Amino acid sequence: MKEQLFTDWHPMRWVALIFGIGLGLNWLINTAPLSGFLSLFFLFQAITNTGCLAGRCAPELQSRGDSDISIDDIEFEEIKTEK
C-alpha cells in the first residue's frame, strides 16, 4: 500500500488530486453534496492510483508462463454441415 501511494505520480494523478481538493473545499464552504461525492471520487482515484486516469482503464495482463505457445501451434478442425 505504501508503494502504491508514493510511486507513479503522473500528471493526470496530480490533476485528480487538485480536482478532489478543490471540490472538497467547495463542499465544505457551500455544503454542496454533489461536490462532496465528486471530491471523494477524485481523491480516491488519486490516492490509490486507480480508475481511468491517463488512459489506464484496462487491467494489466499478467503472464501465466505460456509464452512458448505461438499462434502457429493452434490446431483446429473444420466442420461442414449439409443444408
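The values are calculated or read from the model by the stated rules, or taken from the named source; none is laboratory data. Values in this document were obtained by computation on a predicted structure and should not be read as measured data. Here the Cβ is made from the backbone with ideal geometry for all residues, glycine too, and neighbour counts use every protein chain on show.
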Selection within segment 1-56 - touching a Phe, Trp or Tyr at 6+ places or on another chain (Cβ under 9 Å) and among the hydroxyl-bearing types (Ser, Thr, Tyr)
Ser35, Ser39, Thr50
Within the set of pairs 6 or more residues apart or between chains, which connect a residue that is more than 14 Å from Phe19 (Cβ to Cβ) inside segment 42-53 to a residue that is basic (Lys, Arg) and surrounded by 16 or more Cβ atoms within 10 Å (Cβ to Cβ) with Cβ atoms less than 7 Å apart?
Asn49/Arg13
Go through segment 43-58 and give me each residue that's surrounded by 10 or more Cβ atoms within 10 Å (Cβ to Cβ) and either at pLDDT 95 or above or part of a loop (DSSP other than H, G, I, E, B) (or both).
Asn49, Thr50, Gly51, Cys52, Arg56
Mind checking whether some residue in segment 24-42 is in a helix (DSSP H, G or I), modelled with pLDDT under 90, at negative phi and surrounded by 16 or more Cβ atoms within 10 Å (Cβ to Cβ)?
no
